[in-house]
């Protein structure tokens, strides 16, 4: 059972969730579209979608259970993607590297930082 989300409307909270889930759904869609465009079997399309999409969706969902844990996981994923992508693809064009950094590592990093900021503010208010 999912815990109840906070009742108060908070723009930091809404922005963090919106960014995290938009990022996760984009990569889920990207995996499905990539598998279909490569002519994969239904199992191949499923695996193409699971690889990027399920991992990203799990990171976004982790923030529902705990803003702090979700924030730390999203920041870690953003930093890891940001560092590893240029190392894995060193000969990619600079424009491709910038695009991938903006779509792969920036959203979880920003969403994670917003979750951590919101968590800190919420703890201060409740004291």
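Read-outs throughout are calculated quantities, based only on the coordinates presented, and are distinct from any laboratory measurement. Keep in mind it's a predicted model, so treat the numbers as computed, not measured. Backbone-built Cβ (ideal geometry, glycine too); neighbour counts: all protein chains shown.
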>> So for the chain, averaging the separation of alpha carbon pairs under 8 Å that are six or more residues apart and normalising by length, what relative contact order in percent results?
In response: 31
> Expressed as an acute angle from 0 to 90° and rounded to the nearest 10, what is the orientation of the C-alpha long axis of helix 11-37 relative to the principal long axis of the chain?
Replying inline: 20
> If each residue's Cβ is checked for other Cβ atoms within 10 Å, how do 23, 68 rank with the fewest at the top?
Replying inline: 68, 23
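Using only Cα atoms, what is the ratio of the radius of gyration of the chain to 2.2 N^0.38 Å? Mind dumping the intermediate values first?
Numbers: Rg = 16.3 Å, N = 127, 2.2 N^0.38 = 13.9 Å.
Normalised by 2.2 N^0.38 Å, the Cα Rg of the chain equals 1.17.
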> Got a sec? How would 80, 74, 19 order by Cβ neighbour count within 10 Å, fewest to most?
Replying inline: 80, 19, 74
> Counting other C-beta atoms within 10 Å, which of 27, 11 has the fewest, and how do the rest follow?
Replying inline: 11, 27
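Grab the beta carbon distance between residue 37 and residue 92, set R0 = 22 Å, and tell me the FRET efficiency rounded to 0.05. Kindly include the intermediate steps, with their values, before the conclusion.
Numbers: r = 20 Å, r/R0 = 0.89.
According to the calculation, E is roughly 0.65.
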> Relative to the longest principal axis of the chain, what angle (0 to 90°, nearest 10) does the C-alpha long axis of helix 67-88 take?
Replying inline: 30
